[in-house]
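Below is one structure, written out as structure tokens, with a few remarks after it.
Any read-out appearing in this document is the output of simple, stated calculations on the displayed coordinates, not a laboratory observation. Owing to the predicted nature of the structure, the values given are computational and were not obtained by experimental measurement. Cβ placement follows ideal geometry from the backbone for every residue including glycine, while neighbour counts extend to all protein chains displayed.
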Amino acid sequence: MTKDLSYVRYALFAALLANISNTDLLAQNRRPTTPAAPTPATTAAPAPASAAPKTGIRPYKEIITDKAKTDKGLFKVHRLDSKYFFEIPDSLFDREMLVVTRYAKTPTVDGTYGGEELNEQVWKWQRRDKQVFIRIPSYRNVAAKETDMFEAVKNSNLDAVLSSFDIKAINADSNSVVIDVTDLYSKDVQSLGLPQSLRTLYKITTMDEARTYVDTIKSFPMNIEVRSLKTYRATDPPGDKSIGSMTVEIHNSMLLLPKVPFKARFADDRVGYFGQSQTDYGLDAQKAQVTRYIHRWKLEPKDPAAYKRGELVEPKKQIVYYIDPATPQKWRPYLIAGVKDWNVAFEAAGFKNAITALEPPANDPDWSPEDARYSVIRYFASNIANAYGPHISDPRSGEIMESDIGWYHNVMNLVRNWFFVQTAAINPDARTPKFKDEIMGQLIRFVSSHEVGHTLGLPHNFGSSVAYPVDSLRSRTFTKRMGGTAPSIMDYARFNYIAQPGDEGVVLYPGIGDYDKWAIKWGYTWFDNQTPEQEAKILNKWTIEKAGNPAYFYGQQTGNPIDPRAQSEDLGDDAVKASTYGIANLKRIIPNIEKWTYEEGQPYNNLQELYGEVLTQWNRYMGHVRSNIGGIYEDDKTYEQKGAVYTHVPQAKQKGAVAFINQQAFATPQWMLDQALLSKFDNAGIVERLRRTQVGVLNGILDFSRLNRVIDNSVKNGAEAYSMDELFADLRNGIWSELKTGGNIDTYRRNLQRAYIERMSYLLNENEPTPPAQFAAQAAPQMDASQSDIRPMARYELKALAGQIRAAQPKFSNTVLRSHLDDALVRIADALDPKK
């Protein structure tokens, strides 16, 4: 959930200029005009000279009078009544400053909470003649000053102008100028207020300046903090719509960036880090070369000599998180422990005590959780069941400047549900609707540690959980030795759903593992007097040494995974075996679920919710297995490494995956359909809910992109591939198995069979949809279904199925079943000839 500052800046720039109203610009750049001559009847006596407005640069003491309240810091901030003035020293003109806009307080509305970030920008204050401008620098295209391309890039990289100010006075004593910034923070400058997405959502029209004001502006040595109350007129505001407006408190932090950027570290696809990219025209590459840098905190050893000797050394500046004062006291120690868990990983990079978490300072009026100098775990009173770990980085180097972890109160319900459905079969601590504080605390610690990993620069590593053999996760000695269920807490490995009764004592939680230590070593090891290019060569050698070891495998995919090793929520190196164990545990939970969710005097809400979690977990297992069908292993390599980058999943593994799904997903799961249990909370919904789940599994298999990979496999590997005709035949024989036996076709199976015909009709008559924009980069080239083997094979399958149905019809005498088969033939005919 971490944002790329460069991306945010470019994406919002056009919107920022478009939403600064003409009125605002005139107010900030007003020049005297010549009024029309009045008629004699309305001529008034001329105003005295002393009453005429004074324009231009005036003496300092006329602007900053003795009545001004002055706050000294990065800039001097002067307040006169409701006016605010910045006094900007010459030394800070053209210095980059990171501006972060957050909510301070919000109305009562789900999805909007005080402390959440709204925008990031880099500003440069520039002086030109009698004016000061805020410029928005661009870092998309770069070239070093000493290169021939510097001037060309400079000419194509003009810094945008956000706002302008007349200089009101000059302080000759301090070489500084004074400008009035009241309008900047009290008028509707979009980058300092609500983003366009919320303006659209709530149908905001304009800002109501009569109900808007600047509350405080405080200046500190490295930053300036602004808090303002802003009211927006809206036709569909949150809360009480009769008010016709939305009021929020906004906090803007302006933080001075280092004069000399931190040394960047080049990104590598084989090691997971968030990062940023730019086109460097200054490289001798004979093309426009895109360079990528990772995001990381600036860690340098206090004692470089000891560090070089291999001793653990404290950093010059520790990474510090503060706990939001709004956080309940009993959960604070667990949140703090989750932060400190990462010290063991930093030791792999040569640092001790690199990271810590602290209680909020007591009785410090200058400390604020919105202050960009402080990283805070923000606690939101929200029913959202989630948490997130963003960070803000310097766009010049990738240095992480600060981070605020978002912690929603209802994340406790999320981890309660996970822990119950994944461990209750062997874990008495999970067999209750409300966990003991110690158990919930450990779950909070797990989530805290995971989110902190994001703020250190680490994305999800969905490939980590494949490292351990499935049966090893049933071993107490193995899981204790490894310290968790996967080599990385950044995977969505969750809890040990593989362990069976009799395996008590195994580790149930993920923890900081070998991959996490390796990733921190790779990203944070300090190299003295090495250029980024020299560091990259050293790191490449380290990475090659780890290649082939599954404990250090990094896999990052979103959407429908192509590599079955890189998917969320799974455990172990064999999805079929792991899911078989998982389903066995779900079958143990269902007979006890009413007892384990019992609450005296309460309705069956917990029973309904956790039964739904069982169904969801069962569906996850199907997804884990399905990813093997048409799957391709992806092992990123450089020229020094031998072997293929892309390898198709073996034929036997794909065929076994289809057999598992036929048995576990498409055969009606009677163990989940206890009517006495369902009668407590289900009035008529289970048939439809199960239908949707089964159809989702089926459609995920018969997916254009997956079938395209199946075809590609056959072209490349011939008889060794799991071909499309074999896949289609296995599915048809599984889903329509009753045609051979004459057995009963229950309601769930009839629904599934109709869905099968509908999906085959879709493959026959439709085209592959365009993938969502966020997945387009990793998607295969858009295929033309009309010119592929998919349509001929879908046609063949439908004809073959029609023949089987006709041959089997005499076996069925039940009216419902005969009507189902008659209807199936009509549907097939319509699919084969949709124009008829």
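Here the dipole of the chain is about 420 debye; that uses its Cα centre as origin and unit charges on the Cβ of Lys and Arg (positive) and Asp and Glu (negative). With each label modelled as a point 7 angstrom along the Cα→C-beta vector, the Lys83-Ala808 pair spans 8.6 nm.
Could you order peptides 473-485, 731-743, 426-438 by the average number of other Cβ atoms within 10 Å of their residues, highest first? Please report the intermediate quantities before stating the final value.
Details: 473-485: 18.2, 731-743: 16.6, 426-438: 15.1.
With the highest mean Cβ count within 10 Å placed first, the list reads 473-485, 731-743, 426-438.
Across the options Gln557, Gly483, Ile336, the greatest Cα extent toward the positive end of the charge dipole of the chain (unit charges at beta carbon of Lys, Arg, Asp, Glu) belongs to Gln557.
For an R0 of 51 angstrom, estimate the FRET efficiency from the Cβ-Cβ distance between Asp236 and Asp471 and round to the nearest 0.05. All intermediate terms of the calculation are to be shown ahead of the outcome.
Values: r = 56 Å, r/R0 = 1.10.
Here the calculated transfer efficiency is 0.35.
Using the Cβ-Cβ distance between Lys317 and Val687 with R0 = 45 Å, the FRET efficiency computed as 1/(1 + (r/R0)^6) comes to roughly 0.15. Pairs exceeding a 25 Å alpha-carbon distance, out of Lys230/Lys317; Lys436/Lys577; Lys308/Lys521; Lys187/Lys218; Lys69/Lys298; Lys577/Lys637: Lys230/Lys317; Lys436/Lys577; Lys69/Lys298; Lys577/Lys637. Once the chain from Gln608 to Ser197 is taken as fully extended at 0.36 nm per residue, the excess over their C-alpha distance is 144.5 nm. All alpha carbon pair distances within segment 368-495 were sorted into 10 Å bins beginning at 0; the resulting P(r) in whole percents reads 12, 34, 34, 16, 4, 0.
Computed packing ranks the peptides 682-688, 344-350 as 344-350, 682-688, most packed first, by mean other Cβ atoms within 10 Å. Per-residue ellipticity at 222 nm computed for the chain from its helices equals -10500 deg cm²/dmol, with DSSP H segments shorter than 4 residues left out and the rest contributing -39,500 (n - 2.57).
Look at the alpha carbon pairs under 8 Å that are at least 6 residues apart: their mean separation over the length of the chain gives a relative contact order of 8 percent.
Diffusion coefficient (Stokes-Einstein, Kirkwood radius over C-alpha pairs, 20 °C, 1.002 mPa s) for segment 426-580: 128 µm²/s, rounded to a whole number.
Work out the charge dipole of the chain with +1 on the Cβ of Lys and Arg and -1 on the Cβ of Asp and Glu about the Cα centre, then indicate which of Tyr84, Val649, Gln126 is farthest towards its positive end. Of the listed residues, the answer is Val649. With Cα atoms as the point set, the radius of gyration and Dmax of segment 558-603 evaluate to 16.2, 48 Å.
At full extension, Ser164 and Lys61 could sit 34.8 nm farther apart than now, given 0.36 nm per residue minus the alpha carbon distance. The calculated P(r) of segment 669-766, using every Cα pair and 5 Å bins from 0, goes 2, 10, 18, 19, 16, 13, 10, 6, 3, 1, 1 in percent. Summarising the strand pairing of segment 329-435, around 45 percent of its internal DSSP beta bridges are antiparallel. Ordering Ala566, Pro238, Asn814 by the projection of their Cα atoms onto the charge dipole of the chain, which places +1 on the Cβ of Lys and Arg and -1 on the Cβ of Asp and Glu, puts Asn814 at the extreme positive end. Considering every alpha-carbon pair of segment 622-836, the percent of pairs per 5 Å bin, from zero through the bin containing the longest distance, is 1, 6, 13, 16, 18, 16, 12, 8, 5, 3, 1, 1, 0, 0. Based on every Cα atom in the chain, Rg and the maximum pairwise Cα distance Dmax equal 31.8, 110 Å. The orientation-averaged projected area of the convex hull spanned by the Cα atoms of segment 240-361 comes to 14.7 nm². Segment 482-560 and segment 599-619 have their alpha-carbon centroids 34 Å apart.
Taking label points 7 Å from Cα along the Cα-to-Cβ direction, Thr638 and Ala210 give a separation of 6.6 nm. A Förster distance of 35 Å, applied to the separation of the beta-carbon atoms of Val645 and Asn529, puts the FRET efficiency at 0.55. May I ask you to list, by number, the DSSP H helices of the chain whose Cα span along the axis is at least 30 Å and whose average Kyte-Doolittle hydropathy reaches -1.0 or more? Membrane-span-like by this criterion, though nothing is claimed about a membrane: 605-626. In plain terms, the chain from Thr770 to Asn343 could stretch by 149.3 nm, reckoned as 0.36 nm per residue minus the Cα-Cα distance.
Taking every DSSP beta bridge that has both ends in the chain, the antiparallel portion is near 80%.
With each label modelled as a point 7 angstrom along the Cα→C-beta vector, the Phe93-Thr741 pair spans 8.6 nm.
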